[in-house]
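Just below is one structure, and these are the notes that go with it.
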Amino acid sequence: MSKLFIHGPNHLEGEIAIHGAKNSTLPLMAAALLCESRCVLHNCPNLSDVDTSLKILRHLGCRVTRSGSDVFIDPTDAGNSDIPDLLMREMRSSIIFLGAIIGRMNRATLSFPGGCELGPRPIDLHLSALRKMGVAIDEDHGCLDCSVPEEIRGAGINLSFPSVGATENIMIAASRANGVTMIGNAAREPEIVDLADFLNKCGASIRGAGEGTIVIEGVKHLHGCEHRVIPDRITAATYLAAAAITGSTLTIADVIPGHLAPVIPLFEEAGCKLDVMERKIMISAPKRLNRLKSVRTMPYPGFPTDAQAPVMAMTTLASGTSIFVENIFESRYKHVGELLRLGAGIKVEGRVAVVEGVERLSGAPVEAADLRGGAALVVAGLAAQGDTEITGLKHLDRGYENIEQRLAALGADVRRV
Ligand code: UD1
């Protein structure tokens, strides 16, 4: 079992380039299945979730190769329409392949994603939308059996919540459907815009991505294309939090600052100075951070739930009381118990977490229970006095490429054993 050892407190210095967005790469890889020729995706991060997606595409019959951060997907010979249970369990977001498999094969068999570290992960919105588009779905003993009795047809779909995954599955399935699909109350995340850009390059006709209503005119054929994945805004927010808690000055490069608009004001409220350039953000943090009055997670363009844990870690050493309200997922405070072991002062009541800033954190053995919770432990461990030992690295490796090497390059005392 590997562990991350952090000896603190640390001071970070220099520049860090942000890798491509995990949450864009996965739907783009799924969407490539619908194309009739090869796709090339640049800037794909080297993460275990991307490896799982490569395995899924191979299982479906695609020829897939990877060279550095370039992924080549040739879907011409794809023939299978199922995802083995093992791969579904490895990555709950495998459900993002559903719309693509149905769109390509007119059928799909996969196991229900069930619950995960963040609590229940229902897919009712995905399923009701696909049913409206002419897909017959049998749910039996945790298994989804989908078929298309006639054809996949365009439909008017109003989402009761702007689910990112449901919006993506609908966009993918609708791009080759017969007729026009209109998604009302669609998710507006930058990853949705990236998916629309990719599909449009492949010959799809999608308008309105990034806004509340997306209109997709189905086309008969999609061809392959070359596309560069957008930078990972959550990784960028995590490194901003690491700089902030350690009182450092750091340049975060290869980012789209507009995608970080929902988080930048919080770093400013904490007393950091941010210099926003075209593709870079320079952050200079004070010796001690101010508290954050209220951080409420919301769908984009609100504050992202994925940044809640790392930003909470940052406030553990701020002066005063910070309040967090988690509105997206039920079980997203698993990092709190571990932050308490480092000496943080946090109380959780339902969806609300109250963080009383303390003067110091002390290193301790802690365990990551989920991806962003693991990132929170790294952020806190960097500032804690003494040795922090983090286990549960399989979660961290789903979303952060070479985190220990990247932090070490910034001067941190971090190593993986
Ligand atoms: C995506 C991101 C994840 C991020 C989340 C919210 C990927 C691979 N993952 O996950 O990192 O935290 O967006 O920004 O892109 N819901 C339903 N029914 C459904 C679908 C969702 O009730 O059919 C609920 C969920 O339980 C959750 C909320 O809607 O409470 C948001 O989920 P959703 O936006 O779908 O998140 P994901 O696409 O799973």
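The values are calculated or read from the model by the stated rules, or taken from the named source; none is laboratory data. This structure is a prediction, so every number in the text was calculated from the model and none was measured. FYI the Cβ positions are ideal-geometry reconstructions off the backbone, even for glycines, and counts take in every protein chain you see. Ligands, DNA and RNA are stripped out before the accessible areas are found, and what is left, the full protein with its side chains, is counted by its heavy atoms. Shrake-Rupley method; radii C 1.70, N 1.55, O 1.52, S 1.80 Å.
Coupling constants for the range 346-357 follow from the phi torsions by the Karplus curve (6.51 cos²θ - 1.76 cosθ + 1.60, θ = phi - 60°), and in residue order they are 9, 10, 10, 9, x, 8, 10, 10, 10, 10, 8, x Hz; glycine and proline get x.
Note on the range 264-403: antiparallel DSSP beta bridges, both residues inside, total approximately 65 percent of the bridges counted. Put simply, when 5-14, 211-220, 183-192 are sorted by average Cβ atoms within 10 angstrom per residue, most first, you get 183-192, 5-14, 211-220.
Add -39500 (n - 2.57) for each DSSP H run of 4 or more in the chain, then divide by its residues: what number comes out at 222 nm, to the nearest 500 deg cm²/dmol? Rounded to the nearest 500, it is -8500 deg cm²/dmol.
Taking 18 Å as the straight-line reach from the Cα of Lys280, the aspartates and glutamates in range (excluding those fewer than 8 positions away in the same chain) are Glu13, Glu15, Asp232, Asp254, Glu268. When both the range 101-133 and the range 311-331 are represented by their alpha-carbon centers, they are found 31 Å apart. On the protein heavy atoms, probe 1.4 angstrom, tell me the percent of accessible surface of the range 300-341 carried by carbon and sulfur. Answer for the range 300-341 is 52 percent, counting heavy atoms of protein chains only. Of the solvent-accessible surface of the range 111-211, computed with a 1.4 Å probe over protein heavy atoms with every protein chain present, carbon and sulfur atoms account for 48 percent. In the full protein context, the chain carries 38 Å² of accessible surface per residue, based on a 1.4 Å probe and ignoring ligands, DNA and RNA.
Among the GluC sites (Glu not before Pro) in the range 339-373, those placed in a DSSP loop whose Cβ has at most 16 other Cβ atoms within 10 Å are Glu359.
Rounded to the nearest 5, the antiparallel percentage of DSSP beta bridges internal to the range 22-228 is 75%. Across the chain, C-alpha contacts under 8 Å between residues 6 or more apart give a mean separation that, scaled by the residue count, equals a relative contact order of 20 percent. Here Asp254 sits with roughly 70 square angstrom of accessible surface, probe radius 1.4 Å. Taking each of Lys334/Lys394; Lys55/Lys201; Lys55/Lys334; Lys287/Lys334; Lys293/Lys347 in turn, the alpha-carbon distance tops 18 angstrom for Lys55/Lys201; Lys55/Lys334; Lys287/Lys334. Summary value for the range 22-228: 21 percent relative contact order, contacts being C-alpha pairs under 8 angstrom separated by 6+ residues. Here the chain carries DSSP beta bridges of which approximately 70% are antiparallel, counting only pairs with both residues inside.
From the Cα gyration tensor of the range 22-228, with a ≥ b ≥ c the square roots of its eigenvalues, which class applies: rounded if a/c is under 1.5, or else prolate if a/b is larger than b/c, or else oblate? Rounded shape, in that the Cα axes give a/c under 1.5. With kT/(6 pi eta Rh) evaluated at 4 °C and eta = 1.567 mPa s, and Rh the Kirkwood radius from Cα pairs, the chain diffuses with a coefficient of 59 µm²/s according to Stokes-Einstein.
For the range 267-367, which chymotrypsin sites (Phe, Trp or Tyr not before Pro) are both in a DSSP coil and crowded by at most 11 other Cβ atoms within 10 Å?
Details: sites: Phe267, Phe324, Phe329, Tyr333; in loops: Phe329, Tyr333.
Filter output for the range 267-367: empty list.
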